[in-house]
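Undergrad: This is the structure I have questions about; it appears just below.
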Amino acid sequence: MEDEENIEEELLLVESQLNGLQDKIKTLLDQQEELYERQAQLKAMLEISKTSRDASNSAPSVALEDWSGKFSWDSQADDTRFNVFGISSYRSNQREIINSIMSGKDVLVIMAAGGGKSLCYQLPAVLRDGITLVVSPLLSLIQDQVMGLAALGIPAHMLTSTTNKEIEKFIYKALEKGEGELKILYVTPEKISKSKRFMSKLEKCHHAGRLSLVAIDEAHCCSQWGHDFRPDYKNLGILKIQFPSVPMIALTATATSKVQMDLIEMLHIPRSVKFVSTVNRPNLFYRVYEKSSVGKVVIDEIANFISESYPNNESGIVYCFSRKECEQVAKELRGRGISADYYHADMDVVAREKVHMRWSKSKSQVIVGTVAFGMGINKPDVRFVVHHSLSKSMETYYQTSVTSGKWSGRERWTAFRMCSILSAW
Ligand SMILES: Nc1ncnc2c1ncn2[C@@H]1O[C@H](COP(=O)(O)OP(=O)(O)OP(=O)(O)O)[C@@H](O)[C@H]1O
């Protein structure tokens, strides 16, 4: 009897130990499953990281493929270059860039301002079926490009805050239904990040196979390490995610290798073919003057420089640091007989457009502006640039100074600044 009780007691104990063990086994099995799952995730992450590292390592500083060889679109491209754009021969790297885009590659272009970046995406835009989307940071730059394309008979439009309802309707129809003639559409980055309506039309355009190319102009604006960071550029990565099969070209005149890495990552183009052309501009001449501490003396010197060196109303730009300074300097230059207008981001769009137009048509000689003016301005006869105030960085100085480099003849280049401050860079 006592034996039986002992056995039952032990049985209960064993059963309870078994139950405990079962619980432990279940916990261990759960743990094992979680670990297997995590192992798979980590393996996949490693694979992705290796692939993109290999891709960026293999993104050559000089393109490895022979993009200067023969391609099926050669004669059509030559014909368009000559008969539509009126350009007799390619400049360095232009043909190779165009060929890589035509082959469906993503491309990163580092080319000096005035080097001819626009042709690199505008010519494929004309050659490829469908619509090319160009993202560009400044209204003035977009207006310049659209005006230039219209003059060449290329159907181009811009969709910005200044676009009237009728044109907007036309653009949306072209995107959504393929109606009307539209080859190149310019937008500011805000349109991509803020307009759901626009993105949905673009989506439809892509689904119908009509989105032929995406171009990101002034691509250094993507990187906060660049000299001209624009927060809305950070959202442009969505374009490659939404339209992975559409080739993307990112173009800039100035990008350090850190900025290049950054924008490749942000735009999701790790396999892009990279083309780097020299940023040296042998046709530019720089002069540095010591800046007087007396404001009026500085203005006298600038006015004398302009009227003596450019007596025939040749176009120029005077860069200032602040908006107030722009207005003041423009007023004082006018007081000394120089026809000068000011330009800065605080002015409304219509006023800015008016100033830009007057200067483009050489009705005014000088624009006194902040860096908001000048990036990519396509006026071929800019003869001089004066820096009344020191640029914030070396890149900004380069970017603003080469605006005049598009003129094909001998240029004069002047920086009004104390040497000692210049050396602070
Ligand atoms: N192959 C070429 N031969 C002659 N002129 C050209 C050639 N390619 C471009 N151009 C001209 O050079 C000028 C500058 O070109 P473009 O505006 O494309 O320069 P960019 O590199 O975009 O400059 P930015 O960085 O300032 O925007 C334009 O007037 C353009 O028509």
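The values are calculated or read from the model by the stated rules, or taken from the named source; none is laboratory data. Worth saying up front: this structure is predicted, and the values here are computed from it rather than measured. Neighbour counts are summed over all protein chains in view; Cβ atoms, including those assigned to glycine, are modelled from backbone coordinates with ideal geometry.
Undergrad: What number of residues within segment 85-107 are buried (at least 18 other Cβ atoms within 10 Å of the Cβ) and at positive phi?
TA: Total satisfying the criteria: 1.
Undergrad: Taking the condition charged (D, E, K, R) and at pLDDT 80 or above, does Lys354 pass? Even if it seems obvious, please write down each step before you answer.
TA: Working: charged (D, E, K, R): yes; at pLDDT 80 or above: yes.
Considered against the rule, which asks whether it is charged (D, E, K, R) and at pLDDT 80 or above, Lys354 comes out as yes.
Undergrad: Right, here's the next one. Just one of (1) among the acidic types (Asp, Glu); (2) surrounded by fewer than 21 Cβ atoms within 10 Å (Cβ to Cβ); (3) more than 30 Å from Asp106 (Cα to Cα) trips up Asp341, so point out which.
TA: Of everything listed in (1) among the acidic types (Asp, Glu); (2) surrounded by fewer than 21 Cβ atoms within 10 Å (Cβ to Cβ); (3) more than 30 Å from Asp106 (Cα to Cα), Asp341 misses just condition (2).
Undergrad: Let me ask something additional. How many of the residues in segment 153-169 are surrounded by 13 or more Cβ atoms within 10 Å (Cβ to Cβ), free of Cβ contacts under 8 Å to residues at least 60 places away in the same chain and farther than 20 Å from Ile192 by Cβ? Lay out the reasoning, then the answer.
TA: Step one: of segment 153-169, the residues surrounded by 13 or more Cβ atoms within 10 Å (Cβ to Cβ) are 154-160, 162-163, 167-168.
Retained after the next criterion (residues that are free of Cβ contacts under 8 Å to residues at least 60 places away in the same chain): 155-160, 163, 167-168.
Now restrict to residues that are farther than 20 Å from Ile192 by Cβ: 155.
Matching residues across segment 153-169 total 1.
Undergrad: Hey, another quick one. Filter segment 108-146 for residues that are more than 10 Å from the ligand (Cβ to nearest atom) and either of a type in the set (D, E, K, R) or on the phi > 0 side of the Ramachandran plot (or both) and give the result.
TA: Arg128, Asp129, Gly130
Undergrad: Specify which of the listed residues (Leu123, Leu149, Leu141) is among the aliphatic types (A, V, I, L, M), within 21 Å of Cys222 (Cα to Cα) and part of a helix (DSSP H, G or I).
TA: Leu141
Undergrad: So, one more: Considering only residues that are modelled with pLDDT under 95 and within 15 Å of the ligand (Cβ to nearest atom), which ones fall in segment 51-79?
TA: The answer is Ser68, and nothing else.
Undergrad: Taking segment 138-186, which residues are among the small types (Gly, Ala, Ser) and either farther than 23 Å from Ala345 by Cα or modelled with pLDDT of 95 or more (or both)?
TA: Matches in segment 138-186: Gly148, Ala150, Ala151, Gly153, Ala156, Ala174, Gly178, Gly180.
Undergrad: Among (1) within 24 Å of Met347 (Cα to Cα); (2) surrounded by 15 or more Cβ atoms within 10 Å (Cβ to Cβ); (3) out of contact with any Leu (no Cβ under 8 Å at 6 or more places or on another chain), where does Pro189 come up short?
TA: It fails just one condition, (3).
Undergrad: Could you tell me whether segment 300-317 includes any residue that is closer than 12 Å to Gly369 by Cβ and surrounded by 16 or more Cβ atoms within 10 Å (Cβ to Cβ)? Reasoning before the result, please.
TA: Quick first cut of segment 300-317, residues closer than 12 Å to Gly369 by Cβ only: 316-317.
With the extra rule that they be surrounded by 16 or more Cβ atoms within 10 Å (Cβ to Cβ), the set shrinks to 316-317.
Looking for residues that are closer than 12 Å to Gly369 by Cβ and surrounded by 16 or more Cβ atoms within 10 Å (Cβ to Cβ), one finds at least one in segment 300-317, hence yes.
Undergrad: To continue, here is another question. How about segment 301-394: which strands (runs of 3 or more DSSP E) wholly inside it have at least 2 residues that are out of contact with any His (no Cβ under 9 Å at 6 or more places or on another chain)?
TA: Values: elements: 315-319, 340-343, 366-369, 382-387.
Of the strands (runs of 3 or more DSSP E) lying wholly inside segment 301-394, those with at least 2 residues that are out of contact with any His (no Cβ under 9 Å at 6 or more places or on another chain) span 315-319, 340-343, 382-387.
Undergrad: Can you pull out the residues in segment 80-107 that are within 14 Å of the ligand (Cβ to nearest atom), part of a loop (DSSP other than H, G, I, E, B) and farther than 20 Å from Lys183 by Cβ?
TA: Ser88, Ser89, Tyr90, Arg91, Ser92, Asn93
Undergrad: Which pairs have Cβ atoms under 6 Å, sit 6 or more apart or on different chains, and link a residue in segment 251-265 that is of a type in the set (D, E, K, R) to one that is surrounded by 15 or more Cβ atoms within 10 Å (Cβ to Cβ) and at pLDDT below 85?
TA: From segment 251-265, the pairs are Lys258/Trp225; Asp262/Ser223; Asp262/Trp225.
Undergrad: Looking at segment 275-293, can you tell me whether even one residue there is within 20 Å of Ser103 (Cβ to Cβ) and modelled with pLDDT of 85 or more? Spell out the reasoning first.
TA: Within segment 275-293, the subset within 20 Å of Ser103 (Cβ to Cβ) is 275-277.
The next check asks that each one be modelled with pLDDT of 85 or more; those that pass are 275-276.
The answer is yes, given that some residue of segment 275-293 is within 20 Å of Ser103 (Cβ to Cβ) and modelled with pLDDT of 85 or more.
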